[in-house]
């Protein structure tokens, strides 16, 4: 049996015996990229009702996180700081909302390794031939 067939057979056997049932417990769609916290590398995206998700222009980078955050254990502190998330859309100028999630450390720790492959390349992060 391949993996999926074996998995399906185990599920059917456990269900038939009343020892288990199929259930989706989690979805890892964006697991490796975002966290609801106030430290880390901000995700440079602005959410606009008119334009959709718009990247922060290069001349406005880096996005700087506020330094006066006091965590209280009640979710993402950045999502409760309008002075951080209220902004204008870089594309159309309409009121917009800055992304309040930050990148996971798995993403952040990969940049050094990726750049190491082509330290003198000036056309982007890494040369395609080195990737």
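Overview of values
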| quantity | calculated |
| --- | --- |
| Residue 118 being at pLDDT below 85 and more than 20 Å from the chain's Cα centre (by Cα) | yes |
| Neighbours by Cβ (under 8 Å, 6+ apart or cross-chain): first from the stretch 104-115, under 11 Å from residue 40 (Cα atoms); second modelled with pLDDT of 75 or more | 104/35; 104/40; 105/40; 107/41; 108/40; 108/41 |
| Filter result (loosely packed, with under 12 Cβ neighbours inside 10 Å and out of contact with any helix residue (DSSP H, G or I) (no Cβ under 8 Å at 6 or more places or on another chain)) within the stretch 111-131 | 112, 113, 116, 119, 120, 122, 123, 124, 128, 129 |
| Filtered residue count, the stretch 40-91, keeping only those that are loosely packed, with under 12 Cβ neighbours inside 10 Å and within 18 Å of residue 105 (Cβ to Cβ) | 2 |
| Those residues of the stretch 75-109 which are under 25 Å from residue 59 (Cβ atoms) and at pLDDT below 85, in sequence order | 107, 108 |
| Residue check for residue 18: surrounded by 11 or more Cβ atoms within 10 Å (Cβ to Cβ) and part of a loop (DSSP other than H, G, I, E, B) | no |
| Criterion (free of Cβ contacts under 8 Å to residues at least 24 places away in the same chain and within 25 Å of residue 124 (Cα to Cα)) met by exactly one of 54, 64, 46, 70 | 64 |
| Tally of residues being part of a loop (DSSP other than H, G, I, E, B) and within 20 Å of residue 34 (Cβ to Cβ) across the stretch 95-131 | 6 |
| Residue in the stretch 42-49 that is modelled with pLDDT of 90 or more, assigned to a loop (DSSP other than H, G, I, E, B) and over 25 Å from residue 91 (Cα atoms) present | no |
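The values are calculated or read from the model by the stated rules, or taken from the named source; none is laboratory data. Keep in mind that this is a model prediction, so the values were computed, not measured. Ideal geometry is used to build each Cβ from the backbone, glycine not excepted, and the neighbour counts take in all protein chains shown.
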